[in-house]
Amino acid sequence: MFLLLPFDSLIVNLLGISLTVLFTLLLVFIIVPAIFGVSFGIRKLYMKSLLKIFAWATLRMERGAKEKNHQLYKPYTNGIIAKDPTSLEEEIKEIRRSGSSKALDNTPEFELSDIFYFCRKGMETIMDDEVTKRFSAEELESWNLLSRTNYNFQYISLRLTVLWGLGVLIRYCFLLPLRFKEFMSKHVHLMCYRICVRALTAIITYHDRENRPRNGGICVANHTSPIDVIILASDGYYAMVGQVHGGLMGVIQRAMVKACPHVWFERSEVKDRHLVAKRLTEHVQDKSKLPILIFPEGTCINNTSVMMFKKGSFEIGATVYPVAIKYDPQFGDAFWNSSKYGMVTYLLRMMTSWAIVCSVWYLPPMTREADEDAVQFANRVKSAIARQGGLVDLLWDGGLKREKVKDTFKEEQQKLYSKMIVGNHKDRSRS
């Protein structure tokens, strides 16, 4: 029958059939599951298949390097320097004890050997800085066929190169065009976020859903990426809070505020803490409004640790719903290094990764205790999130990413040392 049709008509018919099949598959496997919140298990099967391919590629790379006597790069997963959790006073006493035959550890005054402690700490900080390395992509010991995530990317064998090239074609020519489908459902809030999750091939495991945030509360979570919002909003409704942006982010914000009463602040208003607290308080006091989603770190961290929580959102007095988010970097690095990549570039990187795999834990709601100030409450919530997500609990301010170290941090070490000297002097005077 097709042979009797003109060539142009044959092309049109084949194109129409292809589009029909494409939209049918899109409706059955993406839109309908997004509406009803169900899954066919295709993404988990996809994830398991990728793991097997990654394992084979890594073994083949190691074998090829061994045959050619190449040294493979191995990242320091636990840091360059092994550090023992000892106090300033204990370490200085140990230095005094080992530096002289006299009992210098009991001397209250300043000793020249004390300088070695601060010199060593300074060298350790330069060589193995706990803050700076939290703002670069996590290094993987295995290769996930993304050349940008492995220092060993080089020609090993024809089969491995062909496999990598096939992966590039799949990610850029198939997955990338397919992942723009979220524009089809921009007016449907929850369905839109679920489509975005599928657009990123995100495989999310939610734990303890009975603890999900409720109206009139504040949801706080560790912050790794702008897609943290999508990860959480695909499982519930939230009102966002943040600063007004320009560019692509500004377009998204203006579209979002039309569908939900989000709380956006102008740059000049953000510095006014009283105004921010007032607007947040008014929002949470209205029990008909959605819970506010806040990332108290104030910047994106590479998902290996949780840094200092800003105390502003903990001064309001509302119920806090902690949420821990942990990504699996094997399939794609979700961390947004905003000082290195713009939003469009970052989204392109996400859409050309294999998948976004993460776990979300909803922790029991927490309230501020009577004898607790906002800082202590924030630290207690932060510790709970870090403990549940298997993250390192750091006291450092994420603002150090763009600012210099505050003098208060230097003064704190000086006070500790002075307190030790003065304390020892008083003990000796009493004796």
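Which one of these is assigned to a loop (DSSP other than H, G, I, E, B), within 17 Å of TRP354 (Cβ to Cβ), out of contact with any strand residue (DSSP E or B) (no Cβ under 7 Å at 6 or more places or on another chain) and modelled with pLDDT under 75: ASN152, ASN144?
Going through ASN152, ASN144 in turn, the sole match is ASN144.
Anything in region 297-329 that is part of a loop (DSSP other than H, G, I, E, B) and within 30 Å of VAL168 (Cα to Cα)? List them, or say none.
Result: CYS300, ILE301, ASN302, ASN303, THR304, PRO329.
Pull out all pairs, ordered by first then second residue, where Cβ-Cβ is under 7 Å, the residues are six or more apart or on different chains, the first lies in region 356-376 and is of a type in the set (Lys, Arg), and the second is open to solvent by 50 Å² or more (accessible area, probe 1.4 Å).
ARG368/GLY317
Being over 17 Å from the mean Cα position of the chain (by Cα), open to solvent by 50 Å² or more (accessible area, probe 1.4 Å) and β-branched (Val, Ile, Thr) is the filter here, so list the residues in region 351-395 that pass it.
Across region 351-395, the qualifying residues are THR367, VAL375.
Determine which member of the set PHE377, PHE409 is at pLDDT below 90 and more than 26 Å from ARG43 (Cβ to Cβ).
PHE409
Looking only at region 351-392, which residues are assigned to a helix (DSSP H, G or I), polar (S, T, N, Q) and more than 24 Å from PHE331 (Cα to Cα)?
GLN376, ASN379, SER383
Condition first: assigned to a loop (DSSP other than H, G, I, E, B), open to solvent by less than 30 Å² (accessible area, probe 1.4 Å) and over 14 Å from ALA202 (Cβ atoms). Now tell me which residues in region 330-350 satisfy that.
Scanning region 330-350 gives PHE335, ASN337.
Does LYS404 qualify as being on the phi < 0 side of the Ramachandran plot and either of a type in the set (Asp, Glu) or assigned to a loop (DSSP other than H, G, I, E, B) (or both)?
Criteria met by LYS404.
Among the residues of region 70-97, write down those that are modelled with pLDDT under 70 and open to solvent by 70 Å² or more (accessible area, probe 1.4 Å).
HIS70, GLN71, TYR73, LYS74, TYR76, THR77, ASN78, ILE80, ALA82, LYS83, ASP84, PRO85, listed by residue number.
What number goes with the only condition from (1) out of contact with any Leu (no Cβ under 9 Å at 6 or more places or on another chain); (2) open to solvent by less than 10 Å² (accessible area, probe 1.4 Å) that ILE252 does not pass?
Result: ILE252 passes all but (2).
The values are calculated or read from the model by the stated rules, or taken from the named source; none is laboratory data. No experiment lies behind these values; they were computed from the predicted model shown. Because the Cβ atoms are built from the backbone with ideal geometry, glycine has one as well, and the counts that use them run over all protein chains shown. SASA here: full protein model, heavy atoms, side chains in, ligands and nucleic acids out. Shrake-Rupley method; radii C 1.70, N 1.55, O 1.52, S 1.80 Å.
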